[in-house]
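This report refers to the structure that appears directly beneath it.
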Amino acid sequence: MIHIITDSTNDLDQETIAQHNIEVLPLYVNFSDSSFKDGIDITTPELYKLVEEKNELPKTAAIPFQSFVDVFQKYVDLGDEIIFTGISKQMSRTYENAVLAAKEVNEEKIFVVDSMNLSTGIGLLVLKACKYRDEGKSAKEIAEALEQDNKRVLSQFAIERMDYLYKGGRCSSLAKIFGTLLKIKPIIAVRDGKMHVAKKPHGKMKIALDVMIEQLKNDLPRLDRDVVLITHSLAFDYCDYIKAEISKFLGDTPILCTVAGCVISSHCGQGTIGILYMVNP
């Protein structure tokens, strides 16, 4: 048996996770006086409530080495194999801990793949892994395919407010003032495992949403039609708008809407929304 395991930053919805028999291991969200397992001890609405009450942004922490060892050992002892892919190794120690745990337990049975992504950019790879598993591919074949697929994931997020980026030390105070004055809604893209500011549309959030929609439209000729994901941090109205607009030109391509978990939300803030999909080689 092949187990598909990911971490809580994958941001797929619970129904999809259950449907595809995916196992999710939590990263941690830590305030000065408390610690929570992402998606288990705390939800995204609860996260924002705590931030407001404590006037404090949480720190996030990787899945510990021993947690990986415990899960990996359990399945290897059963004679099973494991595929793990989670948040980009450029963004967290989670990948490194998974690699070390695989070496500790059994490298021949455990395949750790760098997603080079975050949020449902990871989720897209996880769904591909499940598809390959269900097609009868071996764990090694799945891992080899994912090592190529991770280069085909396109992730773009529009940030509604820069407070979280600023408070978390992810942009300078000057950039915050500049962004606020000019009403910039930066679009963050993930490339080579890192986040980059791809575009800086000015004005209302709808302008940024339209920029992302236009990018998807431009990518239609090479779009992988398995699924297009819309992932947001409690930005339900924006999600409805994007879904309605892209439905006009996506035809029968499935569109899946999901809510970002606490780790992703703690870095980007409420109102953030992204369109994520894969393109063909």
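A few points about this structure:
- Residue in the range 90-100 that is on the phi < 0 side of the Ramachandran plot, out of contact with any Gly (no Cβ under 9 Å at 6 or more places or on another chain) and either of a type in the set (S, T, N, Q) or buried (at least 20 other Cβ atoms within 10 Å of the Cβ) (or both) present: yes
- Boolean, L209 is within 30 Å of A62 (Cα to Cα) and buried (at least 20 other Cβ atoms within 10 Å of the Cβ): no
- Residue match in the range 192-205 (condition: farther than 20 Å from E15 by Cα, free of Cβ contacts under 8 Å to residues at least 12 places away in the same chain and surrounded by 13 or more Cβ atoms within 10 Å (Cβ to Cβ)): yes
- Residues satisfying the stated conditions in the range 148-191, i.e. surrounded by fewer than 17 Cβ atoms within 10 Å (Cβ to Cβ) and modelled with pLDDT of 90 or more: Q148, K151, R152
- Test: residue in the range 127-141 that is under 14 Å from the mean Cα position of the chain (by Cα) and within 30 Å of P221 (Cβ to Cβ): yes
- I213 vs. criteria closer than 12 Å to A158 by Cα and in contact with a Lys or Arg (Cβ under 8 Å, 6 or more places away or on another chain): no
- Among the residues making up the range 5-49, those that are among the acidic types (D, E) and within 17 Å of the chain's Cα centre (by Cα) are D7, D11, D13, E15, E23, D38.
- Hits in the range 212-237 (condition: surrounded by 13 or more Cβ atoms within 10 Å (Cβ to Cβ) and acidic (D, E)): D219, D224, D226
- The residue pairs whose first member lies in the range 212-237 and is closer than 14 Å to L250 by Cβ and touching a residue at least 60 places away in the same chain (Cβ under 8 Å), whose second member is surrounded by fewer than 16 Cβ atoms within 10 Å (Cβ to Cβ) and of a type in the set (A, V, I, L, M), and whose beta carbons are closer than 7 Å, counting only pairs six or more residues apart or on different chains, are D219/V279; D224/V279.
- Filtered by the rule that a residue be in contact (Cβ under 8 Å) with a residue 12 or more places away in the chain, over 21 Å from the mean Cα position of the chain (by Cα) and under 25 Å from Q270 (Cβ atoms), the range 242-252 gives a lone residue, E245.
- Where L220 falls short, out of the listed (1) touching a strand residue (DSSP E or B) at 6+ places or on another chain (Cβ under 6 Å); (2) more than 30 Å from S92 (Cα to Cα); (3) at pLDDT 95 or above: (1)
- Any hit, the range 83-103, residues being under 30 Å from K204 (Cβ atoms) and out of contact with any Leu (no Cβ under 9 Å at 6 or more places or on another chain): no
- Residue list for the range 146-164, restricted to those being under 13 Å from the mean Cα position of the chain (by Cα) and within 13 Å of K128 (Cα to Cα): N150, V153
- A Cβ distance below 7 Å, combined with a sequence gap of six or more or placement on separate chains, defines the contacts here; from the range 70-82, residues that are in the same structural domain as T6 (by TED's automatic domain parsing) reach residues that are part of a helix (DSSP H, G or I) and not β-branched (V, I, T) in the pairs F72/A101; F72/A102; E81/A139; I82/F72; I82/Y75.
- Among residues of the range 192-208, those that are among the small types (G, A, S) and either modelled with pLDDT of 90 or more or farther than 23 Å from V153 by Cα (or both), counted: 2
- Selection status of A158, in the same structural domain as D11 (by TED's automatic domain parsing), of a type outside the set (F, W, Y) and in contact with a strand residue (DSSP E or B) (Cβ under 7 Å, 6 or more places away or on another chain): no
- Only residues that are farther than 16 Å from G261 by Cβ and among the aliphatic types (A, V, I, L, M) were counted across the range 19-67, and they come to 0.
- Residue, surrounded by the fewest Cβ atoms within 10 Å (Cβ to Cβ), within the range 50-89, restricted to residues that are small (G, A, S) and closer than 16 Å to T6 by Cβ: S67
The values are calculated or read from the model by the stated rules, or taken from the named source; none is laboratory data. Computed from a predicted structure; not experimentally measured. Don't worry about glycine lacking a Cβ; one is built from the backbone with ideal geometry, like all the others, and counts go over all protein chains shown.
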